[in-house]
Amino acid sequence: MRIHVVDAFTDRPFAGNPAGVCLLDAEAWPEDAWMQRVAAELNHSETAFARQLPVGDGADWEIRWFTPLVETNLCGHATLATAHTLRRERGAVGALRFRSRFSGILTAHTQEDGSITLDFPAAPGTEVPVPEGLPEALGVKPEATFRTGALRDLLTVLPDEATVRAVTPDLDAMADVTRREDLRGVIITAPAPGAGLEYDFVSRFFSPAEGISEDPVTGSAHTALAPYWSTRIGRDGLTGLQVSARTGLVRTAVNGDRVHLTGHAVTVLDGTLHA
C-alpha cells in the first residue's frame, strides 16, 4: 500500500503543514485501531485515509482524519494534501467530492495553476467569557474569546501580531483547559500590523490534548478565522498567515455559510506501507 507525506498550504517543500495521505483500495474501512496506529507511526498532526466510492454514491471519495492520538472531525490541510495526491497519482482534475463522517460533503477544486480550493462549512464564533486558566496557559490575557460550535475550537483574540508570535504556552495547562471546556484546540489570532502586506491576519493553533502541541498551518481553524476577520475588516476575501515555525498562507473567502480555503501543496515523500 502506498503512503505519501505532503506539505500543504505551501509551494515549497519543508514548509506549510505536513500530512500523511493513504489512499485505500478497499470497499470497507480497515479497523480504526489500525488507522490510528498508522497515524501514530507517521506522527504528523493529521493523516488522511480516503477510499473511493461507487459511481452515483453522492461523492467521489470518503475521507477520515487521525491525529497521533484520536480521530478528528475536520482537517483542512490533510484534505488539501489528499486532493493534491489524487491529482498527482490518479490524474483527478476539477471538483473532487469528499464525504466525511462529521462535516458532510467537502469539495476540493483543483486549479490549472496547481492551487486547490476547499469548500468547507463556516464556523462562526459565539463570544464567551475567557475560560478559567486560559490566560495563565497562554501567558497573556485575551481581548476576547469565541466558541466555534461543532468545530470545537476556542478563537482567542490577542492585541497584535507580536503578541501572537511571542506566546510560549504551558501545554499541560492548555490541555487541562481544553479537556474541561470540551474543546478540540485553541486558536490565537490578531490583525496584520499594517496595510500593504500579503496577509490580513495572523494565527497559531494548539491542540495538546489531541496530540498536537502546535499545528503548523490549520485549514479547519480558518473556517472560524475567516468569518471573524471578514466581519471585523469588512471584506469577504482575506489571507491568513499562520505564524508557526514552518509558516503558511491560507487564502480565504466567505460565501454565506461556507468558507473557501485556497493553497498549494508539495509532495515530499512517497513510500510503501508494509504493515
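The values are calculated or read from the model by the stated rules, or taken from the named source; none is laboratory data. Quantities reported herein were computed from a predicted structural model and do not represent experimental measurements. Here the Cβ positions follow ideal geometry from the backbone for every residue, glycine too, while neighbour counts run over all protein chains shown. Quick note on the areas: whole protein, heavy atoms, side chains included, nothing else; ligands and nucleic acids left out. Shrake-Rupley method; radii C 1.70, N 1.55, O 1.52, S 1.80 Å.
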Scan of segment 1-44 for residues that are in contact with a His (Cβ under 7 Å, 6 or more places away or on another chain) and among the aromatic types (Phe, Trp, Tyr), ordered by number: Phe9
Pair list, Cβ under 9 Å, 6 or more apart: segment 210-235 residue open to solvent by less than 10 Å² (accessible area, probe 1.4 Å), other residue among the basic types (Lys, Arg) and in a strand (DSSP E or B): Asp215/Arg204; Thr218/Arg204; Thr223/Arg258
Cβ-Cβ under 7 Å pairs, at least 6 apart or on other chains, segment 77-97 side free of Cβ contacts under 8 Å to residues at least 60 places away in the same chain, far side open to solvent by 20 Å² or more (accessible area, probe 1.4 Å) and part of a helix (DSSP H, G or I): Val93/Arg87
- line: Selection over segment 237-275 where residues are in a loop (DSSP other than H, G, I, E, B) and within 22 Å of Ser103 (Cα to Cα) yields a count of 2
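Output the residue which, of all residues in segment 195-209 that are within 17 Å of Arg184 (Cβ to Cβ) and open to solvent by 10 Å² or more (accessible area, probe 1.4 Å), is nearest to the chain's Cα centre (by Cα). I'd like the intermediate steps shown before the answer.
Of segment 195-209, the ones within 17 Å of Arg184 (Cβ to Cβ) are 203-209.
Still in the list and also open to solvent by 10 Å² or more (accessible area, probe 1.4 Å): 204, 208-209.
Values: Arg204: 11, Pro208: 15, Ala209: 16 Å.
My answer is Arg204.
For residues in segment 29-49 being in a loop (DSSP other than H, G, I, E, B) and in contact with an Asp or Glu (Cβ under 9 Å, 6 or more places away or on another chain), which is least open to solvent (accessible area, probe 1.4 Å)? Explain how you work it out, then say what you get.
At the first step, the residues of segment 29-49 found to be in a loop (DSSP other than H, G, I, E, B) are 29-31, 43-45.
Pick out the ones that are also in contact with an Asp or Glu (Cβ under 9 Å, 6 or more places away or on another chain) and you get 29, 45.
On the way: Trp29: 58, Ser45: 17 Å².
Checked segment 29-49; the qualifying residue least open to solvent (accessible area, probe 1.4 Å) is Ser45.
Yes/no per residue for (1) modelled with pLDDT of 95 or more; (2) of a type outside the set (Ser, Thr, Tyr); (3) buried (at least 16 other Cβ atoms within 10 Å of the Cβ):
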| residue | (1), (2), (3) |
| --- | --- |
| Leu69 | yes, yes, no |
| Cys75 | yes, yes, yes |
| Leu86 | yes, yes, yes |
| Arg90 | no, yes, no |
| Val93 | no, yes, no |
| Arg101 | no, yes, no |
| Gly104 | no, yes, no |
| Ala108 | yes, yes, yes |
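From the residues in segment 175-188 that are in contact (Cβ under 8 Å) with a residue 40 or more places away in the chain and within 20 Å of the chain's Cα centre (by Cα), which one is surrounded by the most Cβ atoms within 10 Å (Cβ to Cβ)?
Initially, segment 175-188 is screened for residues in contact (Cβ under 8 Å) with a residue 40 or more places away in the chain, giving 176-177, 180-181, 184, 186, 188.
Checking which are within 20 Å of the chain's Cα centre (by Cα) leaves us with 184, 186, 188.
Details: Arg184: 24, Val186: 26, Ile188: 24.
If we take residues in segment 175-188 being in contact (Cβ under 8 Å) with a residue 40 or more places away in the chain and within 20 Å of the chain's Cα centre (by Cα), then Val186 is surrounded by the most Cβ atoms within 10 Å (Cβ to Cβ).
When you check Leu273 against the structure, is it surrounded by fewer than 24 Cβ atoms within 10 Å (Cβ to Cβ), more than 22 Å from Asp113 (Cβ to Cβ), in contact with a strand residue (DSSP E or B) (Cβ under 8 Å, 6 or more places away or on another chain) and at pLDDT below 95, yes or no?
On the way: surrounded by fewer than 24 Cβ atoms within 10 Å (Cβ to Cβ): yes; more than 22 Å from Asp113 (Cβ to Cβ): yes; in contact with a strand residue (DSSP E or B) (Cβ under 8 Å, 6 or more places away or on another chain): yes; at pLDDT below 95: yes.
Considered against the rule, which asks whether it is surrounded by fewer than 24 Cβ atoms within 10 Å (Cβ to Cβ), more than 22 Å from Asp113 (Cβ to Cβ), in contact with a strand residue (DSSP E or B) (Cβ under 8 Å, 6 or more places away or on another chain) and at pLDDT below 95, Leu273 comes out as yes.
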